[in-house]
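Taking it in order: structure first as structure tokens, then the write-up.
The values are calculated or read from the model by the stated rules, or taken from the named source; none is laboratory data. Because the structure is a prediction, the values reported are computed rather than measured. Here the Cβ positions follow ideal geometry from the backbone for every residue, glycine too, while neighbour counts run over all protein chains shown. Note: areas computed on protein heavy atoms with side chains; ligands, DNA, RNA excluded. Shrake-Rupley method; radii C 1.70, N 1.55, O 1.52, S 1.80 Å.
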Amino acid sequence: MNSFVAAATATAAANAIASGEPLWRTIEQPFGLNVAVAAAGLALIAAELWWFLGRHGGGVAAGEGEGGVQEITITVDGGYSPARIRLTAGRPVRLIFHRLDPSGCVAQVIVPDFRRTLDLPLNARTSLELPPMQPGEYPFHCGMSMVRGVLEVV
Ligand SMILES: [Cu+2]
């Protein structure tokens with residue numbers, strides 16, 4: 001909005017107050033439209049919850065690394081890819097984080113169950129070794145817990 005429009009709007013509002021007209025008017029909408037807008041809003045909320053919290057397909061299986069270690073490279077670029085990693089129980093693990101995202105948000109990765117915090121330099125591969133695990137799910141996330149992934153051990 002430019003300053004001329006802002007000034008004209010302010011003048012119109014001042015005139016409305018002076019004349020005693022209400023500043024806001026309720027516009028009646030058809031009931032069906034109200035329902036449609038509310039339903040669209042709920043659908044967007046559901047989609048957002050799925051996006052942030054839902055499962056996005058099965059995990060990607062780790063490959064074979066050196067010395068019997070199961071190994072997988074996780075690309076860090078706007079998120080973890082893959083974000084759901086399938087591992088075999090009872091075998092040591094090497095996660096290689098390849099960070100391409102300059103955002104400071106993903107400069108750290110935390111694996112709470114193993115009390116491990118790792119700094120990820122930009123455009124580099126950083127390895128994280130983890131001990132053999134029991135079957136279960138072990139989440140990992142960025143320093144602010146906004147970007148998330150999970151290790152699915154079977
Ligand atoms: Cu973050």
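One table, with the values for the structure above:
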item	result
Once exposed loop trypsin sites (Lys or Arg not before Pro) are cut out (DSSP; at most 12 other Cβ, 10 Å), longest piece of the chain	56-114
Residue 26 accessible area, 1.4 Å probe, all protein chains in place, Å² to nearest 10	120
Using alpha-carbon coordinates, inclination of helix 3-19 to the longest axis of the chain, degrees	50
Using alpha-carbon coordinates, inclination of helix 31-53 to the longest axis of the chain, degrees	20
Most mobile listed residue (40, 124, 89) in the chain, GNM with C-alpha springs under 10 Å	40
Charge sum, other residues only, whose C-beta stays under 13 Å from residue 76's C-beta, Lys/Arg counted +1 and Asp/Glu -1	0
Normalised contact order of the chain, rounded percent, pairs of Cα under 8 Å and 6 or more residues apart	18
Relative intensity, log₁₀ I(q)/I(0), of the chain from a Debye sum that treats every alpha carbon as a point, q = 0.13, 0.14, 0.16, 0.17 Å⁻¹	-0.69, -0.75, -0.89, -0.97
